[in-house]
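Trainee: What follows is a single structure, and I will ask about it in a moment.
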Amino acid sequence: MVKLNKIYTRTGDDGTSGLVDGSRCNKADLGADLATPGDDFAPSEMVLRVVAAQAERLEHEIDALNEHLSPLASFILPGGSEAAARLHVARSLARRAERDAVALAGTEPVNPAVLAYLNRLSDFLFVLARAVNAGQDPLWVPGANR
C-alpha cells in the first residue's frame, strides 16, 4: 500500500522522475508499468504490471457497446455532445500515450501488454463516445467544408 504524506517532493524539479527501483529518469519517459526498469514483465505483489486480461476486458466492453451501435458508414468527427467531445479528447491523449510508449519501445524494453492496452483504450474511448452520442455523431462529408 502506498502512503503519501506530501504531494510535492521537489525531487522532480530537475525534470526527472523516480522509478520503482529508486533510479531516476527523464520525465518524458512514461510511468506505472513503464516506471519499472527491466524486461521481466510478470506482475508480483510488489511490481505493478499491465497484463493481457486488461486489454481483453476493454475488448469485451467495446463489443458490448458496439452491439447497440449502427455500423460505421463514414468517418466520425470528434464532437457531438459535450460528454462525447470530452471522450474524443481523452482518446487523443490515449493515442499520444501509445505513440510515446511505442517510441520508448524503440530504446527500452516495454511490456507488450502496455502497447496492446493503450491501443485498446483509445478504441474503447472512441466507441464510448459513439454510444454517448446515441447515433448523433457528426459525420465527415468529403468536401463539405471547402
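The values are calculated or read from the model by the stated rules, or taken from the named source; none is laboratory data. None of the values given here were measured: they were computed from a predicted structure. Here Cβ is always computed from backbone atoms with ideal geometry, including for glycine, and neighbour counts include all displayed protein chains.
Trainee: Hey, does segment 54-65 have a residue that's over 20 Å from the mean Cα position of the chain (by Cα) and not acidic (Asp, Glu)? Let's see the steps before the verdict.
Mentor: Residues of segment 54-65 over 20 Å from the mean Cα position of the chain (by Cα): none.
No, that holds for no residue.
Trainee: Which one of Val20, Val51 is modelled with pLDDT under 80 and either on the phi > 0 side of the Ramachandran plot or under 21 Å from the mean Cα position of the chain (by Cα) (or both)?
Mentor: It is Val20.
Trainee: Mind checking whether some residue in segment 100-110 is in contact (Cβ under 8 Å) with a residue 24 or more places away in the chain, more than 30 Å from Pro43 (Cβ to Cβ) and over 17 Å from the mean Cα position of the chain (by Cα)?
Mentor: no
Trainee: Given the structure, is Ala90 touching a residue at least 12 places away in the same chain (Cβ under 8 Å) and farther than 26 Å from Pro37 by Cα?
Mentor: It is true that Ala90 is touching a residue at least 12 places away in the same chain (Cβ under 8 Å) and farther than 26 Å from Pro37 by Cα.
Trainee: Another question, then. Conditions first: (1) out of contact with any Leu (no Cβ under 6 Å at 6 or more places or on another chain); (2) under 20 Å from Ala28 (Cα atoms); (3) without any contact (Cβ under 8 Å) to a residue 60 or more places away in the chain. Asn133 passes all but one, so which condition is the exception?
Mentor: (2)
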